[in-house]
Amino acid sequence: MNDSILTNNEAKLIGTVSSALKFSHKLFEEEFYTFVLNVPRLSDTTDCLNITVSERLLCYTPLHEGNEVCVLGQFRSYNNYSGVGSKLVLTLFARDIKPVDDETDKSNPNSVYLNGYLCKKPIYRTTPFGREISDILLAVNRAFGKSDYIPCIAWGRNAKYASTMDVGSNLKVWGRIQSREYQKHFETGDVVNKTAFEVSVNKLESAKDAEG
């Protein structure tokens, strides 16, 4: 496997298991499960993030609600064909899970790095309070010709810089994975509460500029 595939999508989360394990799927006789990890923010709020884990990792680190764990892996996407919820499901695919102990560095409990390509022109806008925002959709290559499509949100000067990029531009992004509650309004007048998952960008640069 190309080493760049392993290093263009890296995430680390430290948090508390907040749900029971739920069977997800089976691939080549290997079973995968999902659970929710509550990851604290500096603002005293919490991101509730989906984790996908192989049964093989569970042999070394049993997971129970209330356990505090460190998860290393990749932020991935896949199409949801169930008809329930978002069309794009976002999850952290665990490559390693360890219990949190006294030696665990908790200084940055939520970090992600992505190296991918713009799928569409970033959507730049300003809030009623004048804050600049750009919505970014990044395609990150995975093994076997697959790609993960990761929504990102940039602020301030990063938002303005992203808005100058064209489709196909190679970007490097550093940030954190966040969950965000919002309401979807339908023509019938119904309102449904939903949760969006995305990368909140702390740093963004053109891969071409970085190489130069």
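The values are calculated or read from the model by the stated rules, or taken from the named source; none is laboratory data. Keep in mind it's a predicted model, so treat the numbers as computed, not measured. Note that we place each Cβ from the backbone using ideal geometry, even for glycine, and neighbour counts take in every protein chain shown.
Observations on the structure shown:
- Residues (of a type in the set (A, V, I, L, M, F, W, C) and touching a helix residue (DSSP H, G or I) at 6+ places or on another chain (Cβ under 8 Å)) located in the range 172-212: VAL201, LEU204
- Number of residues in the range 95-150 that are of a type outside the set (A, V, I, L, M, F, W, C) and touching a residue at least 60 places away in the same chain (Cβ under 8 Å) equals 13.
- Matching option when the condition is out of contact with any Lys or Arg (no Cβ under 6 Å at 6 or more places or on another chain) and either among the polar types (S, T, N, Q) or more than 11 Å from VAL199 (Cβ to Cβ) (or both), among ARG180, ARG176: ARG180
- Flag if ASN158 is touching a residue at least 60 places away in the same chain (Cβ under 8 Å), surrounded by 15 or more Cβ atoms within 10 Å (Cβ to Cβ) and over 12 Å from the mean Cα position of the chain (by Cα): no
- Residue pairs whose Cβ atoms lie under 9 Å apart, separated by 6 or more positions or on different chains, with the first residue in the range 165-180 and under 12 Å from GLU205 (Cβ atoms) and the second aliphatic (A, V, I, L, M) and part of a loop (DSSP other than H, G, I, E, B), are LEU171/MET165.
- Scanning the range 179-199 for residues that are at pLDDT 85 or above and either touching a His at 6+ places or on another chain (Cβ under 6 Å) or within 18 Å of MET165 (Cβ to Cβ) (or both) gives GLU198, VAL199.
- Failed item in (1) farther than 15 Å from ILE97 by Cα; (2) surrounded by 13 or more Cβ atoms within 10 Å (Cβ to Cβ), with GLN74 passing the rest: (1)
- Matching residues, the range 37-49, being assigned to a strand (DSSP E or B) and surrounded by fewer than 19 Cβ atoms within 10 Å (Cβ to Cβ): ASN38, PRO40, THR46, CYS48
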